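Asks: Quick one: the structure is below, and I'll ask about it shortly.
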Amino acid sequence: MIPRYSPKDVAELFSDEHRFDTMLEVELLAAEGLAQHGVLPQSEVDKLRQRRPVIDAEFVAAVDEREQVTNHDTAAFVDIVQSRIGMPKGPGFTTA
């Protein structure tokens, strides 16, 4: 958005920080839904919430940098979230 043409609250709504924060919240809510259906252990979902990265300008810059490699904003976002949250541990989880 062009800053001089957009009210501050609207600009914030369409910011990369807000977009990535919303994307992450959707993923965490999906994990919680999977836990409710017994697909994921609730303890692992709780760990995801505890390790939830802060979505700030530094996070956005990391996603932008990763996007230069992936050529895809969502793939870059997933890579950065995974690097910040860490890989799950335990039976059934493997690192590729």
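Asks: With at pLDDT 95 or above, out of contact with any Asp or Glu (no Cβ under 6 Å at 6 or more places or on another chain) and on the phi < 0 side of the Ramachandran plot as the only criterion, which of Val39, Val54 stands out?
Replies: Answer to the selection: Val54.
Asks: If you don't mind, there's one more thing I want to ask. All but one of (1) exposed (fewer than 12 other Cβ atoms within 10 Å of the Cβ); (2) part of a helix (DSSP H, G or I) hold for Gly38; which doesn't?
Replies: So the condition that Gly38 fails would be (2).
Asks: With the checklist (1) without any contact (Cβ under 8 Å) to a residue 40 or more places away in the chain; (2) open to solvent by less than 60 Å² (accessible area, probe 1.4 Å); (3) of a type in the set (A, V, I, L, M) in hand, flag the one item Leu29 doesn't pass.
Replies: Single failed check for Leu29: (2).
Asks: On the basis of being β-branched (Val, Ile, Thr), farther than 16 Å from Ser83 by Cα and out of contact with any Asp or Glu (no Cβ under 8 Å at 6 or more places or on another chain), does Val10 make the cut?
Replies: Considered against the rule, which asks whether it is β-branched (Val, Ile, Thr), farther than 16 Å from Ser83 by Cα and out of contact with any Asp or Glu (no Cβ under 8 Å at 6 or more places or on another chain), Val10 comes out as yes.
Asks: So, of the residues in segment 41-79 that are in contact with a Phe, Trp or Tyr (Cβ under 7 Å, 6 or more places away or on another chain) and in a helix (DSSP H, G or I), which turns out to be surrounded by the fewest Cβ atoms within 10 Å (Cβ to Cβ)?
Replies: It comes out as Val60.
Asks: Of all the residues that make up segment 1-26, how many are surrounded by fewer than 13 Cβ atoms within 10 Å (Cβ to Cβ) and within 19 Å of the chain's Cα centre (by Cα)?
Replies: 5
Asks: Right, another one. Between a first residue in segment 76-96 that is within 18 Å of Arg52 (Cβ to Cβ) and modelled with pLDDT of 80 or more and a second residue that is outside any helix (DSSP H, G or I) and open to solvent by 50 Å² or more (accessible area, probe 1.4 Å), which pairs have beta carbons less than 7 Å apart while being 6 or more apart in sequence or on different chains?
Replies: Ile85/Arg51; Gly86/Arg51
The values are calculated or read from the model by the stated rules, or taken from the named source; none is laboratory data. Please read these numbers as outputs of a predicted model, since none were measured by experiment. Positions of Cβ are generated from backbone atoms using ideal geometry, with glycine treated the same way; all protein chains shown enter the neighbour counts. Accessible surface areas use protein heavy atoms only, side chains included; no ligands, DNA or RNA. Shrake-Rupley method; radii C 1.70, N 1.55, O 1.52, S 1.80 Å.
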